[in-house]
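For reference, the structure is listed below as structure tokens.
None of the figures in this text is laboratory data; all of them are computed from the coordinates on show. From a predicted model like this one, the values you see are computed outputs, not experimental measurements. Using ideal geometry, Cβ is built from the backbone for each residue, glycine included, and neighbour counts are taken over all protein chains shown.
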Amino acid sequence: MQAIWDVVGTIPRGKVSTYGAVARAAGLPGRARLTGFALRIAPEAMNLPWHRVVGAGGRIVFPKSSLHHREQARRLRAERVAVKDGRVARLHMTDFDAF
């Protein structure tokens with residue numbers, strides 16, 4: 001889990017990455033679901049920027065009517081990330097090649 005948490009912690013403000021890209025950057029290709037699990041069990045005291053991780057294609061994975069969906073969209077917009085219809089604009093996506 002620590003490798004995933006470390007990668008998530010490097011996602012810069014105003015950028016997002018996918019669960020799959022985080023897993024690959026952590027040395028765990030094909031383990032996108034493990035990224036989701038790691039974020040779910042991360043201690044709150046870590047203050048991980050969980051909101052910067054989205055599903056494939058830039059989609060917020062929580063149901064649109066959920067509190068989590070609204071909170072993620074709110075946090076992303078606060079970082080000037082464009083969110084429209086539950087999706088993040090591609091220009092905000094990073095795949096860790098630039099790091």
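Give the peptides 48-57, 64-73 in descending order of average Cβ contacts within 10 Å, highest first. Could the numbers behind the result be given before it?
On the way: 48-57: 18.9, 64-73: 13.6.
Ranked from most to least packed, the peptides come out as 48-57, 64-73.
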query: When the chain is fully extended, how far beyond the present Cα-Cα distance does Ala42 get from Lys84, taking 0.36 nm per residue of separation?
result: 12.4 nm
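When N counts the residues of the chain, how does its alpha-carbon radius of gyration compare numerically with 2.2 N^0.38 Å, as a ratio? Mind dumping the intermediate values first?
Details: Rg = 12.3 Å, N = 99, 2.2 N^0.38 = 12.6 Å.
That works out to 0.97 for the chain.
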message: Can you list residues from other chains, or at least 5 along the same chain, whose modelled amide H is less than 5 Å from the amide H of Val54?
response: Ser17, Thr18, Tyr19
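Just need the relative contact order of the chain here, percent rounded to a whole number, with Cα pairs under 8 Å and 6+ apart.
Numbers: 133 pairs, mean separation 30.3, N = 99.
Relative contact order for the chain comes out at 31 percent.
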